[in-house]
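*Asks:* Would you mind keeping the following structure in view while I ask a few things?
The values are calculated or read from the model by the stated rules, or taken from the named source; none is laboratory data. As the structure is a prediction and not an experimental result, all values here were calculated from the model. Don't worry about glycine lacking a Cβ; one is built from the backbone with ideal geometry, like all the others, and counts go over all protein chains shown. To get the accessible areas, we keep the full protein, side chains included, count just its heavy atoms, and leave off ligands, DNA and RNA. Shrake-Rupley method; radii C 1.70, N 1.55, O 1.52, S 1.80 Å.
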Amino acid sequence: MSRRREDLLALLADGALHSGADLAARLGVSRAAVWKLVGELRSLGVQVESLPRSGYRLPRPVELLDAARIRRALDARGWRLGARLEVLFDVDSTNTYLYEAAAPPAGQPRVALAELQHAGRGRRGRSWLAPFGSGLTFSVGWTFAESPPGLPALGLAVGVGVARALQSLGLGAARVKWPNDLVWQLRKLGGLLLQLRSEAGGPASVVAGLGINVSLPEEGRAALRVPGAQPVADLGEALGDRLPGRNELAATLVAAVLDTFDDFARGGYAAFAPHWAALDALAGAPVRVAQVGGDVEGEACGTDADGALLVRVAGELRRFHSGEVSLRPVTP
């Protein structure tokens, strides 16, 4: 992103109305240049309102991500990342950005956050919609010096870490839904995507991406209301006036993912399994498992030691793996 576009967005971030003349003076450019910069922001997905003979504004105030603030908050939590934490304005996907780079050395994780993703990814190739300023998207790159036990269940462990971090912020009803969703009242708050590279008996590198809804505008919610889609929620709705700023939230959730990786490196999935069971939003519930060979219905019975879903179908306990299926509750 160009410096002047970044400076213009910082001026507009308060949500107030700013005249073209004032913006031009503060940026040291002409009013025509301001108009061009506004067009560039719009082309990147930033909604900028223009009022005839009045000026420009964002539809609502936005706390822009600030790498220095997030680094300081992580320093206080024992994670000194320095330049290994980046805030990008726009990127195709934070996961792709880190996964296509060289894997970080063990003990030197990398973090990439983004204001806008143009090709944000969810599980099974789905896209992740995050209108500008309405959510939080970031990825963490980590290398395990040796592959820990239970590595296929690492995504479930990260879900536990993030859900518990949300609970620490006051969202006691935060839950997980197999394999990678964070939910509140059975509505989706966010999702995880893990990409793993490992060698038998050797090191393993992973990129874990998180997208979470912070304060979805109505147009964002409308875009997500499609047949068969899981209902959505956001942290603003769930936390109300306890909702932290985006930078504090980012530091809390990044630290949760880093802490999870650190703990997993020492003991694998076993220590996380009882916590996942306690947070399982669908434990004991009737569910439908959608798969290529046909849907099946049964009772959700948690997971096994490798993170596979267990469902009791006609008295038989069956295992399902996350790459093959999707899971939905069965409504009466």
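*Asks:* Determine the shape class of region 154-306: with a ≥ b ≥ c the square roots of the Cα gyration tensor eigenvalues, call it rounded for a/c under 1.5, and otherwise prolate if a/b is greater than b/c, oblate otherwise.
*Replies:* Oblate is the answer for region 154-306, as a/c is 1.5 or above yet b/c matches or exceeds a/b.
*Asks:* Between [x] 46, 29, 14; [y] 32, 22, 19; [z] 38, 24, 17, which matches semi-axes √(5λ) of the Cα gyration tensor in Å calculated for the structure shown?
*Replies:* Here the calculated entry is [z].
*Asks:* Work out the length of the dipole vector of region 159-250 about its Cα centre, built from +1 on the beta-carbon of each Lys and Arg and -1 on the beta-carbon of each Asp and Glu, and round it to the nearest 20 debye.
*Replies:* Charge dipole of region 159-250: 220 debye, to the nearest 20.
*Asks:* To the nearest 500 deg cm²/dmol, what mean residue ellipticity at 222 nm is calculated for the chain from DSSP H runs of n ≥ 4 alone, each contributing -39,500 (n - 2.57), summed and divided by the residues? Walk me through the intermediate numbers first.
*Replies:* Details: 10 runs with 103 residues, N = 332.
The per-residue figure over the chain is -9000 deg cm²/dmol.
*Asks:* What is the magnitude of the charge dipole of region 237-332 about its Cα centre, with +1 placed on the Cβ of each Lys and Arg, -1 on the Cβ of each Asp and Glu, and no other charges, expressed in debye to the nearest 20?
*Replies:* Numbers: 8 positive and 14 negative charges, 26 e Å.
Taking the Cα centre of region 237-332 as origin, the dipole is about 120 debye.
*Asks:* Could you list the trypsin sites (Lys or Arg not before Pro) in region 168-260 that lie in coil according to DSSP, counting only those with at most 14 other Cβ atoms within 10 Å of their Cβ?
*Replies:* For trypsin sites (Lys or Arg not before Pro) across region 168-260 that sit outside H, G, I, E and B with at most 14 neighbouring Cβ atoms in 10 Å, the list reads Arg225.
*Asks:* Also, I was wondering about something else. Sort 264-274, 155-165, 291-301, 53-63 by the packing proxy (mean of other Cβ within 10 Å over each peptide's residues), most packed first. Kindly include the intermediate steps, with their values, before the conclusion.
*Replies:* Working: 264-274: 16.9, 155-165: 23.7, 291-301: 13.4, 53-63: 15.4.
Top of the packing list down: 155-165, 264-274, 53-63, 291-301.
*Asks:* On to the next question. Probe radius 1.4 Å, ligands and nucleic acids ignored: give me the carbon and sulfur share of the accessible area of the chain as a rounded percent.
*Replies:* 51 percent
*Asks:* Something else about it: Can you work out the accessible area per residue across the chain, with the rest of the protein chains kept in place, probe 1.4 Å, in square angstrom?
*Replies:* Per residue, the chain has 45 Å² of solvent-accessible surface.
*Asks:* For region 196-297, calculate the relative contact order in percent as a whole number, restricting contacts to Cα pairs under 8 Å that are 6 or more residues apart.
*Replies:* In percent, rounded to a whole number, it is 12.
*Asks:* Lys/Arg Cβ at +1, Asp/Glu Cβ at -1, dipole of the chain taken about the Cα centre: which of Leu58, Leu194, Pro231 is farthest positive-ward?
*Replies:* The listed residue farthest towards the positive side: Leu58.
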